[in-house]
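The values are calculated or read from the model by the stated rules, or taken from the named source; none is laboratory data. Model, not experiment: these values are computed from the prediction. For neighbour counting, all protein chains shown are included, and Cβ atoms are generated from backbone atoms with ideal geometry for every residue, glycine included.
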Amino acid sequence: MSQGSKTILLIDDEAPMREFVCRTLRGAGYWVLEGESYDDALALYEAHSKEIDLLLVDAALPDKNGFELARTLGQIRPDLKVLFTSGDVGSQLCRYYGMSSTDVRFLKKPFLAIELIERVRCVLTPGGRSFRKASS
């Protein structure tokens, strides 16, 4: 897989985490678009929709949660790959959406750079998973 040709839309409201993730992914050859909110994500997606290969989003955002964002963008582009990150509070959201710490689409904070890169590669691999919440 050619990493340099992959674009990641990163949405996380915690600036230090966002900076760490950007630095790590850019160092691995990915192009990263970054924002801190649901509205940032929508604006960035609108401007770069054809280029984005992966949505990397914190499950617990201050305005709307990462799952709502994934659902919104997934309605526009059902094949969009999604990787959720989360600390303790967001982990409750992940359980609601049927994710565990072993789910390929989930990475529990805090994480190491190598864990981030491995999980991103896994999700971006052909056949990697997009996000779809089962209807309740």
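In the stretch 51-85, how many residues are aromatic (Phe, Trp, Tyr) and assigned to a helix (DSSP H, G or I)? Give the derivation first.
Here is the first cut: in the stretch 51-85, the ones aromatic (Phe, Trp, Tyr) are 67, 84.
In the following step, the residues that additionally are assigned to a helix (DSSP H, G or I) were identified as 67.
So the count comes out to 1.
Which of the residues belonging to the stretch 101-136 are exposed (fewer than 12 other Cβ atoms within 10 Å of the Cβ), over 23 Å from residue 64 (Cβ atoms) and at pLDDT below 70?
Scanning the stretch 101-136 gives 101, 102.
How many of the residues making up the stretch 43-60 are crowded, with 17+ Cβ neighbours inside 10 Å and not β-branched (Val, Ile, Thr)? Reasoning before the result, please.
Here is the first cut: in the stretch 43-60, the residues crowded, with 17+ Cβ neighbours inside 10 Å are 44-45, 52-60.
Narrowing further to those that are not β-branched (Val, Ile, Thr): 44-45, 53-56, 58-60.
Selection size over the stretch 43-60: 9.
For the stretch 7-49, enumerate the residues that are farther than 13 Å from residue 66 by Cα, of a type outside the set (A, V, I, L, M, F, W, C) and assigned to a loop (DSSP other than H, G, I, E, B). Working first, answer last.
Taking the stretch 7-49 as the starting set, the residues that turn out to be farther than 13 Å from residue 66 by Cα are 7-8, 14-34, 43-49.
Subsequent filtering for residues that are of a type outside the set (A, V, I, L, M, F, W, C) retains 7, 14, 16, 18-19, 23-24, 26-27, 29-30, 34, 45-46, 48-49.
Within the stretch 7-49, 14, 29, 30, 49 qualify.
May I ask you to say which residue of 63, 79, 88 is surrounded by fewer than 16 Cβ atoms within 10 Å (Cβ to Cβ), modelled with pLDDT under 95 and closer than 15 Å to residue 7 by Cβ? So that I can check it myself, show each step before the final result.
On the way: 63 fails: closer than 15 Å to residue 7 by Cβ; 88 fails: closer than 15 Å to residue 7 by Cβ.
None of the others qualify; the one that does is 79.
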